[in-house]
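Colleague: Okay, handing you the structure first.
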Amino acid sequence: MGSALPAWIAEGLAESGGWLDAAKFARALAESRLEAGALALALLPVAAARAHAPVSGFEVGAVALATMKGGSEALALGANLEFVGAPLEGTVHAEQAAVHLARSHGAQRLRALALSTAPCGHCRQFLQETEGAEDLQVLLEAGGDHRLVELLPHSFGPEALGKQPALFGGGSAALRLRDDSSDALVRDAFEAACLAHAPYSRSPAGAAVLRADGRSFTGCSLESVAFNPSLGALAAALSRMAMARTPGEAFAPPVRAVLVEAAGLASQRVLSEALLGAFAPRLALEVHAAELA
Ligand code: THU
Ligand code: ZN
């Protein structure tokens with residue numbers, strides 16, 4: 001099945017950071033003659049090739065079928081990311097990487113998620129945060145087409161804390177950067193923080209990392225009603241950097257890393273410093289405070 005994939009798809013993914021926009025997705029469907037779910041499944045090895053799993057050696061791929069404004073569809077690839085010497089809690093699961101990437105590109109909803117392995121309990125919970133979670137179609141590489149509600153019956157959802165599943169629809173937070181920096185990477189991290197999904201802690205965070213070649217990547221925090229499955233902003237930014245590799249390319253540390261957060265009931269500073277301290281020991285995390293405007 002994988003051999004039906006046009007070569008340009010994999011070749012363009014480092015440049016696009018693992019994102020196949022609506023036009024490219026439509027072209028890929030036409031050229032591969034696969035339907036959307038089958039194309040997502042066929043792309044799993046391409047996604048998994050961007051994994052960085054030096055702790056487990058277990059490489060996971062995820063491909064999210066995202067609905068965009070206006071109803072067109074696009075694909076977001078994700079892979080797992082592990083940090084040697086850091087708390088295991090800093091790990092990014094392939095599902096989280098794909099969800100964060102789709103959201104960063106303005107996706108409104110997820111229709112389906114193809115996975116190279118059965119989703120762990122933490123990811124089933126993380127996905128509860130998305131609109132229409134019960135109907136989300138989970139396609140497994142080994143075979144299997146499930147609704148999330150089948151995989152996580154009797155679930156603990158955002159309603160338990162008085163919220164709606166709104167990970168994709170959540171509006172941008174009105175934040176103000178305390179030191180009003182004009183540094184481009186700080187501004188990038190600030191803009192990412194404005195897009196965070198932080199309904200539980202009301203402490204949105206954004207991060208930006210700079211690669212040696214000058215390309216930067218941003219990430220924002222995505223909170224889960226069960227707290228622990230939440231995705232941190234710095235880990236999310238590093239995940240986007242990992243997805244923008246060519247297969248086989250080593251995962252080199254960034255040359256700068258910025259965290260902007262409106263710390264309050266939660267703060268990502270300590271865990272972010274631990275991740276960076278393990279992955280890029282010579283690099284100091286640049287932290288800038290924001291406040292809810
Ligand atoms: N992993 C995922 O990425 N998704 C899952 O749902 C299963 C587990 C990753 C996390 C970790 O990097 C490795 O697989 C071993 O658990
Ligand atoms: Zn998982």
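Here, each number is a calculation from the coordinates, and none is a lab measurement. As the structure is a computational prediction, the values presented were derived from the model and not from experiment. In this analysis, Cβ positions are derived from the backbone assuming ideal geometry, glycine residues included, and neighbour counts consider all displayed protein chains.
Colleague: Can you tell me, using C-alpha contacts under 8 Å and at least 6 residues apart, the relative contact order of the chain as a whole percent?
Modeller: Relative contact order comes out at 17 percent.
Colleague: Counting only DSSP beta bridges with both residues in the chain, tell me the antiparallel percent, nearest 5.
Modeller: Around 75 percent antiparallel, to the nearest 5.
Colleague: Let me ask you something else. Which longest run of the chain has no exposed loop site in it, a site being trypsin sites (Lys or Arg not before Pro) in a DSSP loop with at most 14 other beta carbons within 10 Å, and the site itself not part of the run?
Modeller: 34-177
Colleague: Taking the Cα-to-Cβ direction at GLU15 and at ARG202 and moving 7 Å from each Cα, how far apart do the two end points lie in nm?
Modeller: 4.5
Colleague: Whole angstrom only: what separates the Cα centroid of the range 52-66 from the Cα centroid of the range 7-51?
Modeller: So the separation of the two Cα centres works out to 16 Å.
Colleague: Rounded to the nearest 500 deg cm²/dmol, what is the calculated helix-only ellipticity per residue at 222 nm for the chain, with -39500 (n - 2.57) per DSSP H run of length n ≥ 4?
Modeller: -8000 deg cm²/dmol
Colleague: In vacuo Debye scattering of the range 7-161, one point per C-alpha: log10 I(q)/I(0) at q = 0.13, 0.21 Å⁻¹?
Modeller: -0.56, -1.41
Colleague: Where the only charges are on Cβ atoms (+1 Lys, Arg; -1 Asp, Glu), what is the dipole of the chain about its Cα centre, to the nearest 20 debye?
Modeller: 260
Colleague: Towards the positive end of the charge dipole of the range 69-167, with charges on Cβ (+1 Lys, Arg; -1 Asp, Glu), say which of LEU161, HIS146, HIS122 has the farthest Cα.
Modeller: LEU161
Colleague: Under a Cβ-only charge scheme (Lys and Arg +1, Asp and Glu -1), can you give me the dipole magnitude of the range 175-292 about the Cα centre, in debye to the nearest 20?
Modeller: Here the range 175-292 has a charge dipole of around 180 debye.
Colleague: Which angle from 0 to 90°, rounded to the nearest 10, does the C-alpha axis of helix 22-32 make with the longest principal axis of the chain?
Modeller: 30
Colleague: Helix 269-279: angle to the longest alpha-carbon principal axis of the chain, degrees 0 to 90, nearest 10?
Modeller: With rounding to tens, the tilt is 60 degrees.
Colleague: Moving to a separate point now. Which of GLY206, ALA66, GLN96 sits farthest toward the positive end of the charge dipole of the chain, with +1 on the Cβ of Lys and Arg and -1 on the Cβ of Asp and Glu?
Modeller: Value: GLY206.
Colleague: When VAL99, VAL46 are ordered from fewest to most other Cβ atoms inside 10 Å of their Cβ, what list results?
Modeller: VAL46, VAL99
Colleague: What ³J(HN,Hα) values, in whole Hz, does the Karplus curve 6.51 cos²θ - 1.76 cosθ + 1.60 give for the range 46-54 when θ = phi - 60°, with x put for Gly and Pro?
Modeller: Listing the rounded values in order: 5, 5, 4, 5, 9, 5, 10, 10, x Hz.
Colleague: Another one. At most 16 other Cβ atoms within 10 Å and a DSSP loop assignment: could you name the GluC sites (Glu not before Pro) in the range 33-109 that fit?
Modeller: Hits after loop and neighbour filter: GLU35.
Colleague: Taking amide H positions as placed 1.01 Å from N in the peptide plane, with prolines and chain starts having none, which residues 5 or more places from HIS288, or on another chain, fall under 5 Å of its amide H?
Modeller: LEU259, VAL260, GLU261
Colleague: Using a Förster distance of 25 Å, how high is the FRET efficiency between ASP180 and ALA23, based on the Cβ-Cβ distance and rounded to 0.05?
Modeller: Calculated transfer efficiency: 0.10.
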